[in-house]
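Below is one structure, written out as structure tokens; comments come after it.
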Amino acid sequence: MGPGPGRGPRRRGVTPARLEVRDGRVTWSSRPPVVLRRTGASRVHVVQVGGGPLGGDALALDVVVGAGQLLELCSAAATVVQPGRTPGAAATFVVTASVETRATLVWRPEPTVVTDGAVWAPRLSLRLAEGAAASVVEQVVLGRAGQRGGRVASTLDVRVGDRPLLVTTTHLDGADPALTGPGGTAGARSVGTVLTAGSTGGPGTDEDGGDDGDAVWARTPLAGPGTLLTALGTPRAVAGVLADQCPSVDPARETPAS
């Protein structure tokens, strides 16, 4: 049966996948196109099933990290965003994460490739209790090899306790001369970020940066505490910067699940 009167095209994946770590136990519920697979004592991979996402898809994931727990959340492969049947329709992925006191979340997906004609609008809403910590790594690649790439509006909304730490939206468009010009990506195909928030024990809070010819990066301190590192360059070079700058998970903190 098709959409009813006044309704638009059906969107895939509107029911959120859910994941909770509490008291040493990992519980979840998911179904295609977003499927969760446990791959370690405190590690879960997000698996994209059925291709895409395509324009018009609405994906969602709700995460709770209980008090004193550690969760490393990864993706099984790069995400490739492609146009859907309706030109200009955005694919969305809304991740809502709650991290309780003394808990740690590491969100470290593989890169997202936004192909020509695709529109990608992810949103991560992160709520940290006092004494909690999080590291968020994201990398966007504009297009496959030989493509200019599609449009991106990626939003981060982070709060520590009842205080906003960072609310920002990054706009990219491989076909927009202004956004690919000197005031934008300057022709670079990839942009990556590393956010540290709360009691991470990660890199220092001083301003820092670097340039190796294939990628440039800068770290900005945030009041919260936290830092935001932004890297720009070739996909391989940006991936290297993110790997070097993201705090690693301490295996000693992993809590075996029953």
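The values are calculated or read from the model by the stated rules, or taken from the named source; none is laboratory data. As the structure is a computational prediction, the values presented were derived from the model and not from experiment. Note: accessible area is taken over every heavy atom of the protein model, side chains too, but ligands, DNA and RNA are not part of it. Shrake-Rupley method; radii C 1.70, N 1.55, O 1.52, S 1.80 Å.
Here are the numbers for this structure:
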{"quantity": "Surface share of carbon and sulfur [accessible, 1.4 angstrom probe, percent] for the stretch 63-127", "calculated": "56"}
{"quantity": "Calculated from backbone phi, Karplus (6.51, -1.76, 1.60) coupling profile of the stretch 231-242 in Hz, x at Gly/Pro", "calculated": "10, 9, x, 6, x, 5, 5, 5, 4, x, 4, 5"}
{"quantity": "Residue-by-residue Karplus 3J(HN,Hα) for the stretch 107-122, coefficients 6.51, -1.76, 1.60, Hz, glycine and proline x", "calculated": "9, 9, x, 5, x, 10, 9, 9, 6, 4, x, 8, 10, 10, 9, x"}
{"quantity": "Along principal axes, Cα extents of the chain, largest first, whole Å", "calculated": "52, 46, 32"}
{"quantity": "Average accessible surface area per residue within the stretch 69-209, 1.4 Å rolling probe, Å²", "calculated": "42"}
{"quantity": "Residue-wise HN-Hα coupling along the stretch 82-90, computed from phi with Karplus coefficients 6.51, -1.76, 1.60 (Hz; x: Gly, Pro)", "calculated": "10, x, x, 6, 9, x, x, 6, 8"}
{"quantity": "Cut-off under 5 Å, modelled amide H: who pairs with G161 long-range", "calculated": "L128, A129, E130"}
{"quantity": "Relative contact order of the stretch 119-217, pairs being alpha-carbon contacts under 8 Å that are 6 or more residues apart, as %", "calculated": "31"}
